[in-house]
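Quick note: the coordinates plus some simple rules give every number you see, no bench work behind them. All values reported here derive from a predicted model rather than from experimental measurement. Backbone-built Cβ (ideal geometry, glycine too); neighbour counts: all protein chains shown.
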Amino acid sequence: MNQMTSNETMAEPTSTIRLSVNGRDHVLEVPDRKLLSDVLRQDLSLTGTHVGCEHGVCGACTVQLDGDPIRSCLIFAASAQDHEVTTVEGIGDDPENPSDVQQAFIDSHGLQCGFCTPGFITTIDAFVDENPDPTEEEAREAISGNLCRCTGYQNIVKAVHRTAELRAACGKQHSETDEEASEANR
Amino acid sequence: MKPSPLRIHRPKTIEEILELLSVHGTSGKIIAGGQSLVPVLNMRLAAPRNLIDITSAAGLDELEVVGDEIRVGALVSHRRLERDPATTSANPILADALRHVAHPAIRNRGTTVGSIAHADPNGEMPMILALTGGWVEVRSVRGARSLTTESLNVGPLETCLEPDELITSAVFPALRPGQRAGFDELARRSGDYGLAGVGMILSTDDNGVDRAGAEATITGLKAGFVSVTDIPDIIELDEFVAGTPLSQVSTILDDVISAIKGFIDPGGDIHASADYRRHLTGVIAGRLLKRLSRQRDGGGSPAGGSEMRQEGAR
Ligand SMILES: Cc1cc2nc3c(=O)[nH]c(=O)nc-3n(C[C@H](O)[C@H](O)[C@H](O)COP(=O)(O)OP(=O)(O)OC[C@H]3O[C@@H](n4cnc5c(N)ncnc54)[C@H](O)[C@@H]3O)c2cc1C
Ligand code: FES
Ligand code: FES
């Protein structure tokens, strides 16, 4: 066997990595070349993260890294160490008790087949934190990096505004309870 | 669509990066945000055996305006630069162009220095570095050097960097008093690479001194382009504009546009023919020049809304 072939059949480099996903720490042995999207789906069974294009265009694989939306198909799992990863399951994983963004999608009929939805949920969740009262144009701009082949987007734009409404209402409730609590403490 | 087998190294200091590059530079690649490199690996257009992931190294995340220089470390994301108030007040053209780089989710991870190293003629930031007269600072185990964009960019997707060299930062000069700058482009979909884009720096004699109501006069103009030149070539247009009062900009528009259309060298592809790109570049340049002439100081589109984007909307 010549040098070339022996190199080509060289063992797959793997590493032991520590990943923090949805608040839980995992220690995994994975090939260095494994993308975060594949580790989430295959090693951690978090199949809510969908994989469409694997070159950053469709947005289905969007997760949050330290709270900011990024493409999980464009980062190696090994490079996501030392960061906090949040997938759609980390935003809401209970059909009986959906998160505000998920409730907004139900209220606005924001999905049909659902393939694109996890990427929209992670994107909109972070966006509404940053911009609690978006204009229509800002809402459209916020989701412009995610493709949906079913809905025609109108209802997803509505879901952005509905999320903002639900989060504002919930924020108000929170601050009222805080006030009550601090009054009770007095 | 998966990368071929490779080893990822995660150095913690600049010195470790340089050591690794001196050993693996020829069989490997630096990976920063990965927003250009990982698609290339996923599609197996490249198969480096080693990746040197610089994202956990200390000392590469400086973002500072020092005097009249905006210093951008290798790990500063497009998004961080776009939102940095000190950068925008020193030179609004950076944020103006960054808003056209991909989508927010790509800008969260992609670095401006990585984009300059990638040297894509369709990329906004290599051109902005050239237009502003900026440079990159480069290190290897052999030493340090600074490179202007003319020496850095040798061809489309090609720089003069040696395999063992790391760009530690890019430096963008601030605007000088009396200058205004802006960027605009047209893309087929929001976040796509532009079909054509134009950046301009317009100089005037309005240097902040009280002029007792006298009108400012244009003293110079230069322009750079996205997607219609092979490397970030800058055209100096002073001869067409110098001496024209700002309010008379419409009298020089035709000359400026035809000089630009003669200067650029667009190619045609499935998205747009060469002629269409040339025409578009002229239209964008004309609108941008009018916008800058009307603007008070600095430049940069207010709230990121650009005329082209609205008019060109799907
Ligand atoms: C869907 C999509 C749309 C996009 N649209 C646009 C767009 O409209 N406009 C645009 O400009 N870009 C666009 N990009 C690319 C994006 O801007 C990238 O972030 C950027 O080009 C590269 O930065 P990075 O940090 O991700 O670099 P990487 O992908 O990590 O690296 C890119 C190249 O630069 C080298 N490199 C990186 N850092 C250094 C360094 N410090 N020193 C030496 N070499 C280095 C790497 O070895 C590699 O060859 C898009 C990307 C995607 C996925
Ligand atoms: S799968 Fe990651 S963006 Fe399409
Ligand atoms: S709901 Fe089917 S792709 Fe969006």
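Quick rundown of the values:
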| read-out | value |
| --- | --- |
| Pairs of lysines in the protein assembly as shown (C-alpha under 24 Å apart; 8 or more residues apart or interchain) | 9 |
| Rg/Rh ratio calculated on Cα atoms of the stretch B:100-233 (Kirkwood radius) | 1.04 |
| Sorted largest first, extent of the stretch B:158-211 alpha carbons per principal axis (Å) | 52, 35, 15 |
| Using alpha-carbon coordinates, inclination of helix B:14-24 to the longest axis of chain B, degrees | 70 |
| 10 Å-binned pair-distance histogram of the protein assembly as shown (Cα, whole percent) | 4, 18, 26, 25, 17, 8, 2, 0, 0 |
| Of B:Gly262, B:Gly197, B:Gly220, the one that fluctuates the most in a GNM where chain B has Cα springs shorter than 10 Å | B:Gly262 |
| Cut-off under 5 Å, modelled amide H: who pairs with B:Ile70 long-range | B:Phe172, B:Ala174 |
| Sparse-neighbour loop sites [trypsin sites (Lys or Arg not before Pro); the stretch B:115-223; at most 15 other C-beta within 10 Å; DSSP] | B:Arg142, B:Arg188, B:Arg189, B:Arg211 |
| Label zone at B:Asp265, where the point sits 7 Å out along the Cα-to-Cβ direction: the stretch B:172-199 residues whose backbone N lies under 20 Å | B:195-199 |
| Karplus-derived HN-Hα couplings along the stretch B:159-171 (A = 6.51, B = -1.76, C = 1.60, θ = phi - 60°), whole Hz, x at Gly and Pro | 10, 8, 5, 7, x, 9, 9, 10, 7, 8, 7, 10, 10 |
| Chain A, relative contact order [Cα under 8 Å, separation at least 6], % | 20 |
| Estimated dipole of the stretch B:1-107 in Debye, rounded to 20 [Cβ of Lys and Arg +1, of Asp and Glu -1, Cα centre] | 740 |
| Fraction of beta bridges assigned by DSSP in chain A that are antiparallel (%, nearest 5) | 90 |
| Residues B:Met127, B:Met200, sorted so that the one with the fewest Cβ neighbours within 10 Å comes first | B:Met200, B:Met127 |
| Max mean-square fluctuation residue, GNM over chain B, Cα-Cα springs under 10 Å, options B:Val40, B:Val249, B:Val171 | B:Val40 |
| Viscosity 0.692 mPa s, temperature 37 °C, Stokes-Einstein D of the stretch B:179-303 from Kirkwood C-alpha radius, µm²/s | 219 |
| Per-residue average of Cβ from other chains inside 10 Å of B:27-37 | 2 |
| Hydrodynamic radius by Kirkwood, which averages 1/r over all alpha carbon pairs of chain B, in angstrom | 20.2 |
| Using alpha carbons only: equivalent-ellipsoid semi-axes of the stretch B:7-53, gyration tensor based, whole Å | 19, 12, 7 |
| Rg/Rh (Cα only; Kirkwood hydrodynamic radius) as it applies to chain A | 1.09 |
| Contact order normalised by residue count of chain B, Cα under 8 Å, 6+ apart, percent | 16 |
| Under 5 Å, built H, 5+ apart or other chain: amide partners of B:Asp233 | B:Phe225 |
| Per-residue average of Cβ from other chains inside 10 Å of A:134-146 | 3 |
| Taking B:Lys29, A:Lys34, B:Lys261, B:Lys12 and counting other C-beta atoms within 10 Å, the order from fewest to most | B:Lys12, B:Lys261, B:Lys29, A:Lys34 |
| Burial ordering of B:Arg10, B:Arg277, fewest other beta-carbon atoms within 10 Å first | B:Arg10, B:Arg277 |
| Potential extension, B:Arg83-B:Asp205 segment - 0.36 nm per residue separation minus Cα distance | 41.0 nm |
| Label point distance in nm, A:Leu28-A:Gln103, each placed 7 Å from Cα along Cα→Cβ | 3.1 |
| For the stretch B:63-173, the fraction of alpha-carbon pairs in successive 10 Å shells from zero, as % | 15, 52, 30, 4 |
| Label-point separation in nm, B:Gln248 to A:Glu130, each point 7 Å along Cα→Cβ | 4.5 |
| For the stretch B:134-232: relative contact order, % (alpha-carbon pairs under 8 angstrom, 6 or more apart) | 23 |
| Partner chain coverage, peptide A:66-79 - average Cβ within 10 angstrom | 6 |
| Label-point separation, B:Ala58 to B:Asp275 (7 Å along Cα→Cβ), nm | 6.1 |
| For B:Ala119, residues with placed amide H under 5 Å, excluding near neighbours | none |
| Per-residue ³J(HN,Hα) for the stretch A:49-60, Karplus 6.51 cos²θ - 1.76 cosθ + 1.60, θ = phi - 60°, Hz, x for Gly and Pro | 6, 9, 10, x, 10, 6, 9, x, 8, 8, x, 5 |
